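K.L.:
Got a structure for you, questions after.
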Amino acid sequence: MFCPATCVRLSTKIKIKLYENPSILHVIVIYRAQLFTCKSWLSYLGRLPISEQIWVWDNSPIPQTIDQSNIHYTHCPQNMGVSHPYNQASLWAKQHGFSFLVLMDQDSDFPTEAFEQYQSAIGQLKQNEIGCPVIYSGSVLISPFKIVKFKPTYWFEGPIKNIPLPSGYYSAINSGLLISTNIIEQAGGFDERLKLDWSDIELFMTLGPSFNLKMLPFTIQHQLSVHEKQTTAARLRRFPFYCHGARIVSEKHGGFIRLGYMTFREGVKQTVFNFNLKFVWIWVKHFIFTKPI
C-alpha cells in the first residue's frame, strides 16, 4: 500500500478505452551500483532524449552525485527494496502529469528499439492492459510466466505468441514493465511489505483476470539473481525475503500449505547445496513464526 516517503529526495472502475495524452516516467531502483555504469543505463536510460524524465531511487549506503536536469534522484540508505520506490514513483508521476511508468532495475539489458516500442505502445494500450516485453535470463525465458498453484512456471519452449494474457493466471517481472499509474492505484499500490521477492506476482494476483498482459515486440536480457553464482552469505541474506513474502501472499490470497511446502522445499535444497542448516531455521522463523502485519 502507499506510504509517505521516508527518504530524502536528492478510482473508479476501468473502462476499456485508450489513454489520452499518455506520457512515460522512466523509473529505476539501484543498489550498490553506479547509475551511469549499470546495464539499464548503458542500454536504455543513457540513450534517452534529454526531454525524457528519469526517476532514480538509490538504496545504496552511500549517495551518488547526479547532476543531470532530467534525473530526479532519491537516496535511501535504509534500503527499502523495490515496492516502496515504485509506489513513490507512481505518486510522483501522477502529480507531474505522467500516465505510465517503465520500471527497471540495474541489471536489464534493453535493445536499441525499446524506447520507440514503449512510445508506440502507450498510444495503443487499453486501460486494462499492461505492456510486457519478452525477457530472458541467459537462455531461460523468465517473463512473462505462468502462475501454477502460486508457483512461477517458465516457458522453456521459447517466446509465447503475441496475445493478451490474463494477469490473474500469468505474471511478469517488474523490470521492463510498462504500467499505468491508474492500474497501480487500482491495485492499491505494490505491497510495501514485499521488498523484493513476490512483489510483482502479488501485484498481478491482486489485479486479477480483468487486467491483461499485452506483449511488446522486443526482447530484454535480465540478470535474474537465482541464475547467478552467489555466495552462501548472499543467499542467506535473500532467503528471508522469499519466505516472509510467501507468508504475506498466503495471508492475502490463501495457499498457506502450498506456499509453506514450496518455501520449505527451497530451504532444504539450499541447506543441502550450501551445507548450512540456517536456511531451514530462516524458513521456520520467517514463514511459520513471523505473522505479517
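Per-residue answers, yes or no, for (1) at pLDDT 95 or above; (2) in a helix (DSSP H, G or I); (3) not assigned by TED's automatic domain parsing to the domain that holds Ser210:
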{"residue": "Ile14", "(1), (2), (3)": "no, no, yes"}
{"residue": "Leu42", "(1), (2), (3)": "yes, yes, no"}
{"residue": "Trp55", "(1), (2), (3)": "yes, no, no"}
{"residue": "Ala93", "(1), (2), (3)": "yes, yes, no"}
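K.L.:
Can you tell me which of Gly267, Gly260 is buried (at least 20 other Cβ atoms within 10 Å of the Cβ) and either of a type outside the set (A, V, I, L, M, F, W, C) or in a helix (DSSP H, G or I) (or both)? Show your work before the answer.
P.N.:
Details: Gly260 fails: buried (at least 20 other Cβ atoms within 10 Å of the Cβ).
Testing whether each residue is buried (at least 20 other Cβ atoms within 10 Å of the Cβ) and either of a type outside the set (A, V, I, L, M, F, W, C) or in a helix (DSSP H, G or I) (or both) leaves just Gly267.
K.L.:
Sticking with this structure for a sec: Just give me the residues in segment 208-228 being surrounded by fewer than 22 Cβ atoms within 10 Å (Cβ to Cβ), over 13 Å from Ile135 (Cα atoms) and in contact with a Ser or Thr (Cβ under 6 Å, 6 or more places away or on another chain), in sequence order.
P.N.:
The one that is surrounded by fewer than 22 Cβ atoms within 10 Å (Cβ to Cβ), over 13 Å from Ile135 (Cα atoms) and in contact with a Ser or Thr (Cβ under 6 Å, 6 or more places away or on another chain): His227.
K.L.:
Please state which one of Ser199, Ser225 is touching a helix residue (DSSP H, G or I) at 6+ places or on another chain (Cβ under 9 Å), modelled with pLDDT under 95 and under 22 Å from Cys38 (Cβ atoms). Give the derivation first.
P.N.:
Working: Ser199 fails: modelled with pLDDT under 95.
Answer to the check: Ser225.
The values are calculated or read from the model by the stated rules, or taken from the named source; none is laboratory data. Here the structure is a predicted model, which means the values were calculated and not measured. Cβ sites come from the backbone with ideal geometry, for glycine too, and all protein chains shown count toward neighbours.
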